[in-house]
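The values are calculated or read from the model by the stated rules, or taken from the named source; none is laboratory data. None of these values were measured; they are calculated from a predicted model. Here the Cβ is made from the backbone with ideal geometry for all residues, glycine too, and neighbour counts use every protein chain on show. Ligands, DNA and RNA are stripped out before the accessible areas are found, and what is left, the full protein with its side chains, is counted by its heavy atoms. Shrake-Rupley method; radii C 1.70, N 1.55, O 1.52, S 1.80 Å.
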Number of protein chains: 2
Amino acid sequence: MAIKERKERERQDMRNLIIDSATQLFLKQGYDKTSIRTIAEDIEYSPATIYLYFKDKDEIFYVIHENAFAILDKQFRKHDAIENPFDRLIAVCKTYVKFAMDNPDYYDLMFIMRAPLSQIKSEEKWDAGECAFEYVLDTIAACLDANLIKPVDKYVLAISVWSFGHGLVSLYVRERLSVMEMPDDMMLTMMESSVNFFLENLRV
Amino acid sequence: MAIKERKERERQDMRNLIIDSATQLFLKQGYDKTSIRTIAEDIEYSPATIYLYFKDKDEIFYVIHENAFAILDKQFRKHDAIENPFDRLIAVCKTYVKFAMDNPDYYDLMFIMRAPLSQIKSEEKWDAGECAFEYVLDTIAACLDANLIKPVDKYVLAISVWSFGHGLVSLYVRERLSVMEMPDDMMLTMMESSVNFFLENLRV
DNA sequence: AAATATAATAAACAGTGTTTAGTAAAAAAG
DNA sequence: CTTTTTTACTAAACACTGTTTATTATATTT
């Protein structure tokens, strides 16, 4: 029964077609403006067809969410070659910030939006996200082992580093830093100083 | 022409009626589930009437947004009595975190959601928000003047402190810290340790 | 009392996510 | 090879959303 396998393959192809279209539209117009109907129009199928391949809109964006984490995780692991764990931590932090600034819509889906989280709760698998987080955690643990940073619980430090980075970029992408009434290039310089200040403060 | 004044008073009353209803519904069900129609139903007017008093849904939530900042600002200024500026900074940070945890929907509107910002851009007045931010900025400046914390540009430090606090609470309220797979009470302890670690690290 | 201005609304518009019922085409069974 | 069954798809509808328009009833002014 090779037919069953072909059908399964065709099913995956269709899922990929939907995801690819959704991703492209999402990165162009954002989540809210990417409706099931616009995706359907783009792939030249009826809106109802999409529901034969995905439970709901959130499931589609959960897949995109996972893909985005895989991209970030890959960028993190490019720093494997850096021997000194604190230098690696610095590189990872800067990569995190750069990723957010370069891909604000992905960042939204990954760390700000409530939407695709409904999927996670049920399945309890945050795969790519956990992977990226563990990379940071391991790097922090290595820093602590090598006495490169002030002694503190590694989870506390992980929360601290992540919170700092996330706070910085999410205030920026959601335009809250505009209270400071600063030209954008000056703001970006300030943000970089802020990252450096935070990281240097961790040193023993 | 006392009629004109009465009319203006009635207009304000109606605006308040709408805002009060919207606020109550918003704090109970969140932004998305608070529709113009549910507000209209609650105040026993037709949906179209609301548009005679507010340009759009965002304008309503911009008023709530301002009120929320006024509440936060008031809570900040309760710490005026604290003489030592660094102690004051610590108190302000803890108040910020507590405010977010106690009022996640307000916090959403103030610091996370994109919705009510459309209003701000046009009018360029962030009144209550600027006020609260300046309180933090002044406290930080006082810390620096008194040589209580490591020397650094006050704006850089303000961004750092705010980013850290915002990152921490927004990752929590948007359930991203769940990757750590920790019981909630443990998470809250970790978060408090994280705040303490961050603030103590600022000391000279 | 008549003319005008104001306040409120019913109904519609254009959009959303999602479901249901019905139709062709493909696969399996006789 | 024909008949039955399963699969893939879609048109249309449902229940919402924010917002606008045309109309009516009320209040104010002339």
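A few points about this structure:
- Label spacing, shortest first and in nm, from B:PRO151 to its equivalents in the remaining copies (7 angstrom along Cα→Cβ): 3.1
- Straight-line reach from B:LYS7: taking Cα to Cα under 24 Å and skipping same-chain neighbours fewer than 8 places apart, the lysines in range are B:LYS55, B:LYS57.
- Cα-Cα over 27 Å, subset of A:LYS78/B:LYS154; A:LYS150/B:LYS94; B:LYS28/B:LYS98; A:LYS28/A:LYS94; A:LYS94/B:LYS78: A:LYS78/B:LYS154; A:LYS94/B:LYS78
- Within chain B, helices built from complete DSSP H runs that reach 20 Å or longer along their own axis (Cα positions) and carry a mean Kyte-Doolittle hydropathy of 0.5 or higher are B:127-145, B:154-173.
- Lys, Arg +1 and Asp, Glu -1 on Cβ, resulting dipole of segment A:56-200 about Cα centre, debye, nearest 20: 200 debye
- Axis proximity, chain B to A: residue whose C-beta lies nearest, plus whole-Å distance: B:GLY167, 1
- Shielding of A:107-118 by partner chains, average beta-carbon count, 10 Å: 2
- Stretch gain in nm, segment B:GLU200-B:LEU148, where the contour uses 0.36 nm per residue and the Cα spacing is subtracted: 17.6 nm
- Accessible area (Å², per residue) of segment B:57-200, counting only protein heavy atoms and a probe of 1.4 Å: 41 Å²
- Carbon/sulfur fraction of accessible area - chain B, other protein chains in place, 1.4 Å, %: 52 percent
- Between the residues A:ILE82, A:PHE133, A:ILE60, the greatest Cα displacement towards the positive end of the dipole of segment A:2-159, with unit charges on the Cβ of Lys, Arg, Asp and Glu, is found for A:ILE60.
- Ascending distances from the A:GLN29 label point to its copies in the other chains, with the point 7 Å along the Cα-to-beta-carbon line: 2.7 nm.
- The accessible area of A:GLU134, taken with all protein chains in place and a 1.4 Å probe, comes to roughly 100 Å².
- Among B:MET101, B:MET190, B:MET110, the largest mean-square fluctuation in a Gaussian network model of chain B, built with springs joining Cα atoms closer than 10 Å, belongs to B:MET190.
- Rolling a 1.4 angstrom probe over the protein heavy atoms with all chains in place gives segment A:1-54 an accessible area of 71 Å² per residue.
- Largest GNM mean-square fluctuation among B:ALA100, B:ALA68, B:ALA81, using chain B with Cα springs under 10 Å: B:ALA81.
- Relative contact order of chain A, pairs being alpha-carbon contacts under 8 Å that are 6 or more residues apart, as %: 19 percent
- Ligands, DNA and RNA aside, B:VAL63 has an accessible area near 40 Å² when probed at 1.4 Å.
- Shielded residues, segment A:132-156 - accessible-area loss of 20 Å² or more between chain alone and all protein chains, probe 1.4 Å: A:PHE133, A:LYS150, A:VAL152, A:TYR155, A:VAL156
- Expressed in units of 2.2 N^0.38 Å, where N is the residue count, the Cα radius of gyration of chain B is 1.21.
- Peptide B:181-193, shielding by other chains (average Cβ, 10 Å cutoff): 2
- Buried solvent-accessible surface, both chains (B, A), 1.4 Å probe, Å² to nearest 100: 4300 Å²
- Chain B: calculated mean residue ellipticity at 222 nm from DSSP helix runs of at least 4, using -39500 (n - 2.57): -24000 deg cm²/dmol
- At R0 = 35 Å, FRET efficiency that the Cβ-Cβ distance of B:GLU59 and A:ASP20 yields, to 0.05: 0.35
- In the assembled protein chains, B:CYS131 presents an accessible area of approximately 50 Å² (probe radius 1.4 Å).
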